[in-house]
Structures are given as structure tokens and as C-alpha cells.
Amino acid sequence: MPHRTFLAFILPSLAAMFIFIALPILSVAYQSLFVSHPRVTVEVETCGPFGCSVETRVDTEAMAELQRESPMGQFNGLGTYTNSGHLAFDDLAMIWASSPDWTTAAKSILNLPFYKALAFTLAFTFIVTPLVIVFGFFIALAVNAIPPLIKGPVIFLSLLPMIVTPLIGALVLFWMIDARGVIGATLQLVFNDPQLSLKASPALTWVVLFVYGVWHSAPFSFIVFYAGLQTVPKDTLESAMIDGASRWQRVRYVVLPHLMPLVTFVALMQLMDNFRVFEPIVGFSAAANATSLSYLIYSDLRAGDAPLFGSAAATSMLTIIGVVILLTPVLIRNWRNFNRKT
Amino acid sequence: MTNRAHRLSLPLTLVSAGFVLFWLILAAFPFVWTVWGSFKVEADFFSYSNWMNALTGPKTELQTGGQFTGAAYHGSWIEQGFWKSVVNTAIITVSVVVISLTLGTLGGYALARSGFRYAFWILLVALVFRAMPHVTLVSGYLLPFFQLNIWGFLPTTIIVLVAINQPFTLWMLHSFFLSIPKDLDESAMVDGCTRFQAFRLVVIPVMWPGVVTTGLFSFLLAYNDFTVTSMLLSQDNQTMVPKIASFLGSTQAEGKVMYAVAAVVSAIAPLFVLVLFFQRQIVSGLTAGAVKG
């Protein structure tokens, strides 16, 4: 295909991606170097029937003037990145100097908002992803063994947790684990503890979010592995049987190696999706005990009357760096594949 | 299944059947429970005394005189204006699907047919873009959108969702186009078609299954989006998901959590129907990327 035709075909799509994905990333990078103007205040003396009082007020005129001169706000360089809301170098140094040992240092570091969010995001990504793969694989094995007649309905019901809007799925579970909901009440009965609440303790909140993550994504890996199971060569399985391989050995040495490319695929997709975990935290109202990087950005943008654009942008840039680090192995693999092909 | 290699011993059959059953309950029970509960009053669905009340509904009978009540649906759809969000969602999803399929088929076709190195680079960049958390992009939109005064309107959100959708759409359609032999459009061009005519009259008719599958996933992305719609739409233009999220704040405090439950069930219903009719396409779409790896 000549270059011109190629360009004509792809231009609309490329333009959309450039304007609404590439430019915003640049805009975020630029925004992260600025902070909003400090409030200009004036002291106003108001005199009433009960004497005079001095008030400080925001000088809106001067603020508008400043805003016109530099609409992005005040230049702050990399200051936003290193302040205590983000990488917090000063706080880290202080904690390092004042903590007697590793565990106390780690504990105080995990109280800093950025590191707290990073810890949860990484924990969610690297705990949920393997669980999803293992769980989905076993569902696929089990569903593959049931009579073909009921496979359709089983797949239909299995798809539901994944298809349903993440926020809505989280809400449905959230209402059930409420102390007055069916699961919450049952757990209280089982553990014989009327005070038991899955929302109160940080550890339980994390577990609930992990369970939600697995529940939401298991259908995806199940479907992919189930499709893969249909293509496992029967001859190899039969020869393995003749050689005396047990059922487990057949799964381990024939089926699994055959599915390995799919495992990589599911792992890649899950890493990308789990790293941006966000909706479940809103749905489970879990922000007090568990925040993710995406949630930090969201709450900065939602902050009261004045959104903290600079702070949100800095967290965004750090998140993007995280995504790129996460993707590097995949990009290298794709690059090698392409070079082999051409 | 008659294959000996696949026959299971009795205990193993039982274990695997039990596991399937366990998974089905895990997957479907929350939805069944919530749909059932949405026709009860709050005192039953969130019962202090006994969770069985959600099944039998004594308070529902006491308060409304019937076993089931549509009060929650009336409250959310009419009183809280949920119907408006439903209309907005319909507008947004339909536009997003149509526009992103138009752009995506053109682009995906070009990528599948071009052997040049830059086609690979575009796909690689698209992969990185696909991994971007949406909220990082949103933080880049807000300030420019405020300044251009285009924040809060449906068309803005539609274009943004189309663009966010593009990397995924391109990858999926590109792999579907690769499965269509090159000879097809080349012979059409030998017969005198231009490249575009070959694309429109010869390739697209055999591409329908792929287009439908990709369209389903575009629909799901637009329908399920919370990040973009909650940040870029004004109060009046809200779609269903941010509207439900806004129910949680004020409405829950007023003891009207059942409104949110009813709205949630209303938002799940179309998805349910979608899976019912398009199960095969959804499954093939999920595996399409995997096979190409």
C-alpha cells in the first residue's frame, strides 16, 4: 500500500489519538510544573454600629490579573514532584534519620499519601493478576469437563461479573457485605462476632478489594483459557496417556505448555488493567483504607472548590512512568517478534 | 467427550462439577440477589434483624401491602430524574460506537495491509496508549476544556471516548483484517476498484462479524466508563454510572439507598440482554487478541 493511501486511511484515527491521548500527556507534563497562584489577600476595615473590625479578604481583582498574566499558575519546577504529597524526599530523609529500624521506617513511609497509594496499587496488581490466572485456569478445566449441553448457560452466567460496569459490580458486592447485607450478616454469624465489619479494618478492606478484583477478572482468563483448551492436540494427549502419564501429568506437561502464550497474554492484559484500579475504591467507599494512584489523581481533581491540577498532573506523570516500566518487557518482546518477521 | 483421554473418574467428576457450581453461584448470585432485593423496601434489603427478611419481605408487606414494590424504581427514574441519564447514556454509547467503528475500520485496514515499519510503530504506540490510566488523560483535558469552554457537553465526551477507544479498536480490527486474505482486495483492484472502493465494497462485507464484535466492545467501554463521564460531564448531562455514584452521597444519607439499588439494576439489565444475544461474539472477541498474541 503506498504511503499516501495509508496516510489517508489512518489519518482520522491517528488525529483522534494524537489530540486526545498524546497532547493531553504533554499537557499533563507541562501542568505538573506549575502550581496555582497563592491567594492575594487584602485587609479590609469594616465599620458597623458596633465598632470597626479588620477582615482579610481574597482580592478577586488582583487574582484575575495574575490569572491573566500567567494562566497556568506559578512556575514550580519539579517542586510538586518532591513535595510531601508525592515523592516526599524531605519526609523520607527525616523518617530515615529518626527511625530505629526497618519496620518502623516502612510503616511511616507507608503513611505518606503517595507511597500508601503506590503500595496498594502494586499489591493489587501483583496479587490479583496471578490469582485471576490460576482461578480462571481451573474454571476452564472444570467447565471443559461438563456435558456440552449446559456449557452455553454456564458461559453466559460466567460472563456477567466481567461485563457489568466495574463501579456497579463493586456496589452490588458492597451492599451484600454491608453488616446488614446477606454476606456481612452471615460472616458475623459464622465468626460469632456481631462487631465484625469488612469495611472497618484496612487489612479486611484490602482483602475485599482483592476478592472483587479476582471476581471481576476471572471470567476473562476463564474464557481465554477455555478457548485455548479446545485447541490442545488430542494426539499428544493420547500419546502421553499411552506413555503412562497421569491426569495431572497430562495437564502439567501437555496442556499447560500449550496454553503458555495465552498465559502471557492474560497476564499482560491484567497487569495493564489492574494497575489502573480505581472504580472499586469508589464503589466500596474504601478510600480511607486503600487508595490507588488513579484514585489520588481523581481526588485531587475533585478537591473542593479549586481542583489541584498541578498535584494531579504530577501524580499522573509518575503513574505514566509506572505504566511504561510495567510495559517495557512486552514492548521488547513485540519488537523482537517484529524483527524476526521482517 | 467419548475420547478416553477426556473421561474423568467419578470423584474427579464430582469435584469438577462442584467447582463449576461454586463458581456459578459466585458469579451470578450477587446479581440475582440484587434484582430480587430491588423490589423490596430498604428495611428488608438491609435488615438489622435477619437477612432472611430480604427473601420474605415482611416490612415490604407492612409498608406497601404487597410482596413486591416498584417504589424504588419510581423514586429513582421519576423523582431523581434517572431517565434523563438513560437518554444521555443512549446518545453517548450509540455515537461512540458508530464513530469509533468508522475511524477504526479505516485505520485497522490500513495497518493490516501496510507492510511498512511505521505501521508496527503505530501499533506499539497504540498499545502504550491503551495502557494509560484514563484518569491521567482526564487530568490533561480539564484545564484546556475549561479554557475553550467546551467542558460539560455530550459531544466533547463522545469525542474523548472515541479517542480513548481507538487504540483498542485499532488492535482488534487490525487482527480481524489480517485474517482476510490480501488477494481479495487485490483482485478487486485489478478489476478496476480504487483502494477505497475495494475496502468498502469487497472487504467490509466479509468483515461484518469482526465489526460487530469490535462494536460490542466499544459499546461496553462507553457504557461502563466512569472516569471520563464523571469528570467531563456537567450535572445535567450526566450518564447513568456517574448518576448512580452521585446517588450514593446525598441520597444515601436521606435513607433512599434503594433508589441507587433500583438504578443499578436498571443499568445492569441492558448488559444482561446484550450478553444473552451476543455471547458468541463476546467470547470470540475476548479470544481474538489472544490467538494473534
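Quick one: would you say A:R4 is more than 9 Å from chain B (Cβ to nearest Cβ), under 21 Å from B:A112 (Cβ atoms) and over 30 Å from the mean Cα position of the chain (by Cα)?
yes
For the condition more than 17 Å from B:L106 (Cα to Cα) and among the β-branched types (V, I, T), what is the one hit in B:V162, B:V202, B:V190?
B:V190
Go through the range A:53-144 and tell me which helices (runs of 4 or more DSSP H), entirely inside it, have 2 or more residues that are in contact (Cβ under 8 Å) with a residue 60 or more places away in the chain and more than 28 Å from A:I325 (Cα to Cα).
A:113-144
Restricting attention to the range A:1-26, which residues are open to solvent by less than 50 Å² (accessible area, probe 1.4 Å), in a loop (DSSP other than H, G, I, E, B) and not aliphatic (A, V, I, L, M)?
The answer is none; no residue qualifies.
Just for the range B:33-90: of the residues that are open to solvent by less than 70 Å² (accessible area, probe 1.4 Å) and among the acidic types (D, E), which one is nearest to the chain's Cα centre (by Cα)?
Filtering the range B:33-90 for residues that are open to solvent by less than 70 Å² (accessible area, probe 1.4 Å) and among the acidic types (D, E), the one nearest to the chain's Cα centre (by Cα) comes out as B:E42.
Could you list, in sequence order, the residues of the range B:171-203 that are over 30 Å from A:F265 (Cβ atoms) and either open to solvent by less than 20 Å² (accessible area, probe 1.4 Å) or within 14 Å of chain A (Cβ to nearest Cβ) (or both)?
B:E186, B:A188, B:M189, B:C193, B:T194, B:R195, B:F196, B:Q197, B:A198, B:R200
Which ones in the range B:198-247 are in a helix (DSSP H, G or I) and small (G, A, S)?
B:A198, B:G210, B:G215, B:S218, B:A222, B:S230, B:A245, B:S246
If I filter the range A:264-274 for residues that are within 29 Å of A:F124 (Cβ to Cβ), more than 10 Å from chain B (Cβ to nearest Cβ) and in a loop (DSSP other than H, G, I, E, B), do I get at least one hit?
no
Provide a single number: the residues in the range B:168-221 that are among the hydroxyl-bearing types (S, T, Y) and free of Cβ contacts under 8 Å to residues at least 40 places away in the same chain.
Total meeting the criteria: 3.
So which of A:A179, A:A145 is facing chain B (nearest Cβ under 8 Å), open to solvent by 30 Å² or more (accessible area, probe 1.4 Å) and farther than 22 Å from A:L268 by Cβ?
A:A145
Consider the range B:41-50. How many of its residues are without any contact (Cβ under 8 Å) to a residue 40 or more places away in the chain and closer than 22 Å to B:A263 by Cα?
3
Please list, ordered by residue number, the helices (runs of 4 or more DSSP H) wholly in the range A:198-255 having 2 or more residues that are open to solvent by less than 70 Å² (accessible area, probe 1.4 Å).
In the range A:198-255, A:202-229, A:234-242 are the helices (runs of 4 or more DSSP H) which contain 2 or more residues that are open to solvent by less than 70 Å² (accessible area, probe 1.4 Å).
Please enumerate the residues belonging to the range B:240-252 that are at pLDDT 90 or above and either open to solvent by 10 Å² or more (accessible area, probe 1.4 Å) or more than 20 Å from the chain's Cα centre (by Cα) (or both).
B:M240, B:K243
Looking for whichever is in a helix (DSSP H, G or I), among the β-branched types (V, I, T) and away from chain A (no Cβ under 14 Å) here; the options are B:T60, B:T34. Which one fits?
One residue alone meets the criteria, B:T60.
For the range A:110-156, how many residues are among the charged types (D, E, K, R) and closer than 30 Å to A:Y298 by Cα?
1
Would you confirm, using the coordinates I've provided, whether A:T291 is crowded, with 21+ Cβ neighbours inside 10 Å, within 10 Å of chain B (Cβ to nearest Cβ) and β-branched (V, I, T)?
Against the criterion (crowded, with 21+ Cβ neighbours inside 10 Å, within 10 Å of chain B (Cβ to nearest Cβ) and β-branched (V, I, T)), A:T291 does not qualify.
Being surrounded by fewer than 15 Cβ atoms within 10 Å (Cβ to Cβ), hydroxyl-bearing (S, T, Y), over 30 Å from A:G322 (Cβ atoms) and within 12 Å of chain A (Cβ to nearest Cβ) is the requirement here; does B:T105 meet it?
no
Anything in the range A:215-245 that is more than 7 Å from chain B (Cβ to nearest Cβ), among the β-branched types (V, I, T) and either at positive phi or in contact (Cβ under 8 Å) with a residue 12 or more places away in the chain (or both)? List them, or say none.
A:T231, A:V232, A:T236
Given the conditions (1) open to solvent by less than 70 Å² (accessible area, probe 1.4 Å); (2) modelled with pLDDT of 90 or more; (3) more than 24 Å from the chain's Cα centre (by Cα), and given that A:A62 satisfies all but one, which numbered condition is not satisfied?
(2)
Looking at the range A:27-36, can you tell me whether even one residue there is open to solvent by 40 Å² or more (accessible area, probe 1.4 Å), more than 14 Å from chain B (Cβ to nearest Cβ), in a loop (DSSP other than H, G, I, E, B) and modelled with pLDDT of 80 or more?
No: zero hits.
Quick check on this structure: which one of A:I168, A:I155 is within 7 Å of another protein chain (Cβ to nearest Cβ) and closer than 30 Å to B:K243 by Cβ?
Exactly one residue qualifies, and that residue is A:I168.
Would you call A:I150 without any contact (Cβ under 8 Å) to a residue 40 or more places away in the chain, facing chain B (nearest Cβ under 10 Å) and either closer than 30 Å to A:M260 by Cβ or surrounded by 19 or more Cβ atoms within 10 Å (Cβ to Cβ) (or both)?
yes
The values are calculated or read from the model by the stated rules, or taken from the named source; none is laboratory data. It should be emphasised that the depicted structure is a prediction, and the values quoted were computed from it without experimental measurement. In this analysis, Cβ positions are derived from the backbone assuming ideal geometry, glycine residues included, and neighbour counts consider all displayed protein chains. The accessibility values were calculated without ligands, DNA or RNA, using every heavy atom of the protein model including side chains. Shrake-Rupley method; radii C 1.70, N 1.55, O 1.52, S 1.80 Å.
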